[in-house]
Amino acid sequence: MGVTTWGPEGKLAAVSITFDNLGEAADLGRGRWPAGAPLGEHPSVRENLPKVLAVLGETRATFFVESFNATVYPDALRTIAKDHELACHAYQHEAWGELPEDDQRALITQSMALFQETDVPVRGFRPPGGGLTAGSLDILRDAGIEFVSPAGGPAGLVDGVALLPFRWDTIDGTYHFPALRRPPSTVVLGPDEMLAAYRTVAQETVDARGYVSFIFHPLWLDTPERLDTLARLVEQLRADDRLWLAPCGEVADYLRATTPR
């Protein structure tokens, strides 16, 4: 039987606010970064990140960032880790489920070494694209990863690794850029519609006595309206006494402590 109550106060569901991507790492990995353009001045870090952290306030979140950022923005990673949780999002946003497993092993080993150089603890991983291969969990576990956030499925433990899956309809970009939806759309949804959809997701998660993460991208939190939407979601989740709002690592620790062996 799975978990039916969550957190130290026995809430009906668990939720995490999470962030994916940082800096120019993904553009570099995809070959989209302009030749000769300087590194280390990306607006997602220099302009947007301080505003995001201010909006979060005392609400702790999990930031899944590419390990390349440890070479360019080590101070920003340390700033995040002061009040929030830092986790890995590959090296330069490689589509994890499409990689040969030897490449996965090399990249996660490299990534964990880079994070270690910044003295920031990292024990979580979200695969870009959401996919894993048959051997991914073993590879990640061997590298010291304790929780993984792939696409789809219920939360739970697999051979000691906590799975904290995400849903595509909780990703901010699917509202701002409807072509990213599954299936794709042409209709942009505004803040009120986005927050209404997230209330529905929260209700579904309560009904299932489950877990869900909401995913934002610092790059796209670039307007007062989008920052306000994040602030409203934080308030919405904090006000719902059915929900345990916690970073991924705390949810993983709870699963590990309460799941029968």
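Values in this text are rule-based calculations from the coordinates and carry no lab data. All figures in this text were calculated on a predicted structure; none of them were measured in a lab. Heads up, the Cβs are rebuilt from the backbone with ideal geometry, glycines too, and the neighbour counts pull from every protein chain shown.
Structure values in brief
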read-out	value
Size of electric dipole in the chain: Cβ of Lys, Arg +1 and of Asp, Glu -1, about Cα centre, debye, nearest 20	400
Gaussian network model of the chain, Cα within-10 Å springs - most flexible of Gly173, Gly31, Gly135	Gly31
Other-chain or far-sequence residues with amide H under 5 Å of Leu86's (modelled H)	Phe63
The stretch 30-88 - Rg over Rh from alpha carbon coordinates, Kirkwood radius	1.00
Amide H partners (placed H, <5 Å) of Leu245, local residues excluded	Val15
Residue with peak Gaussian network fluctuation, the chain [Cα springs, cutoff 10 Å], from Glu41, Glu85, Glu146	Glu41
Burial ordering of His89, His217, His42, fewest other beta-carbon atoms within 10 Å first	His217, His42, His89
Förster radius 22 Å - calculated FRET efficiency between Glu47 and Asp83, Cβ distance, rounded to 0.05	0.70
Two-site FRET efficiency, Asp103 against Asp241, from Cβ-Cβ distance with R₀ of 45 Å, rounded to 0.05	0.50
Under the Karplus curve 6.51 cos²θ - 1.76 cosθ + 1.60, θ = phi - 60°, whole-Hz ³J(HN,Hα) for the stretch 220-234, x wherever Gly or Pro sits	8, 8, 10, 9, x, 5, 5, 5, 5, 5, 4, 4, 5, 5, 4
Karplus-derived 3J(HN,Hα), 6.51/-1.76/1.60, for each residue of the stretch 244-250, Hz, glycine and proline x	9, 9, 8, x, 4, x, 5
DSSP-defined antiparallel bridges as percent of all bridges, the chain, nearest 5	15
Fully extended contour minus Cα-Cα distance, from Phe177 to Asp192, at 0.36 nm per residue	3.8 nm
Choice from Arg123, Arg141, Arg181 with maximal GNM fluctuation in the chain (Cα, 10 Å cutoff)	Arg181
Packing-based exposure ordering (other Cβ within 10 Å, fewest first) of Lys51, Lys11, Lys82	Lys82, Lys51, Lys11
The stretch 144-235: Rg to Rh, with Rh as the Kirkwood radius over Cα pairs	1.00
Residue-span extension gain [Arg30 to Asp222] - 0.36 nm each, minus C-alpha spacing	66.9 nm
Distance between the stretch 51-95 and the stretch 241-261 - C-alpha centres, whole angstrom	21
